[in-house]
1. Go through K48/K105; K131/K179; K82/K144; K48/K144; K105/K131; K162/K184 and tell me which ones have a Cα-Cα distance over 23 Å in this structure.
2. Which helices, counted as full DSSP H runs in the chain, have an axial Cα extent of no less than 18 Å and a Kyte-Doolittle average of 0.5 or above?
3. Enter the Cα centre distance for the pair segment 45-90 and segment 108-175, rounded to the nearest angstrom.
4. So how much slack lies between F240 and A199, counting 0.36 nm per residue of separation and subtracting their Cα-Cα distance, in nm?
5. Using only helices, what value at 222 nm comes out for the chain when you add -39,500 (n - 2.57) per DSSP H run of length 4 or more and divide by the total residues, to the nearest 500 deg cm²/dmol?
6. In terms of the Cα gyration tensor, with a ≥ b ≥ c the square roots of its eigenvalues, is segment 163-248 rounded because a/c is under 1.5, prolate because a/b exceeds b/c, or oblate?
7. Describe numerically, in nm with one decimal, the distance between label points set 7 Å from Cα along Cα→Cβ at E102 and at N177.
8. For R12 and E229, compute 0.36 nm times the residue count separating them, minus their Cα-Cα distance, and round to one decimal in nm.
Amino acid sequence: MIVDVHCHLTDRVFEGRLEEVLEDARRAGVKILVTSGLGFEDSVKVLKISDYVTVYPSLGIMPYDIEGYRDVIDLIEENADKIVAIGEVGLDYHINVTVDRELQKKVFLEFIELSKSLDLPLIVHSRSAGKYALEMLLNNKAEKVIMHAFDGSSSHIEEPVKRGFFFSIPPSIARSNQKQKLVKKLPLENILIESDSPALSPTLGEVNTPSNARVSVMWISRLKEITIERVEEITSENAFKILRLRRV
Ligand SMILES: [Zn+2]
């Protein structure tokens, strides 16, 4: 069984065909999915489509579109006993992002503190800001962390690994030397599987689906020289450790 710890099932591309997408995922072995909200309205939708058997909710806001983040914090507090994580939240230092970095950090810090006070894990977005996001998480003593689609250097992961941070690996590993290198360096105890669908497809430009979480499993199996079954077993156990999921 595979647990997809991060995807976006509320995305417009899945509208009207969610049942079919989930059925495809199930056939590929992906039996539990965490769908992440991007902003207030999307987070409300995430709560609506979650069934707490196959689909679990996580609520957040993108650092490059941060307006209304206070409403997201309120929504998280109101639903703290229902959701399995806060996210995605984080930092985005990509060249096209215009949101002030100091403001991004201020908001991210609020989410880190919220995660500690509610004892909920963070699903962290850190595009072109991996080093800085990790620094903030370590300095502010974040405890439950999932670094999603980490695009930084594997030279920064030593301390986070020691502190028990998880790194979720997307299907784009198929075309990313950086992610292949990261997996080689990560202990199995710190690895999770994600699809990030509809983004981060194994083939550039294609719409990604949760069933492609399999691709991440295959690559990890190849790079770690262990069986696919073993990868599924360890990464699912890891997911159950950090997220409040029901056993199916
Ligand atoms: Zn995402």
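1. K48/K105; K48/K144
2. none
3. Between the Cα centres of segment 45-90 and segment 108-175 lies a distance of 17 Å.
4. Residue separation times 0.36 nm, minus the Cα-Cα distance, leaves 12.4 nm.
5. -12000 deg cm²/dmol
6. Since a/c reaches 1.5 but b/c is at least a/b, the shape of segment 163-248 is classed as oblate.
7. Roughly 3.8 nm, to one decimal.
8. Difference between extended and current length: 74.8 nm.
Taken together, the values in this text are just the output of simple stated rules run on the coordinates, not laboratory data. What you see is a predicted model; the values in this text were computed from it and never measured. Quick reminder, even Gly has a Cβ in these numbers, built from the backbone with ideal geometry, and neighbours come from all protein chains shown.
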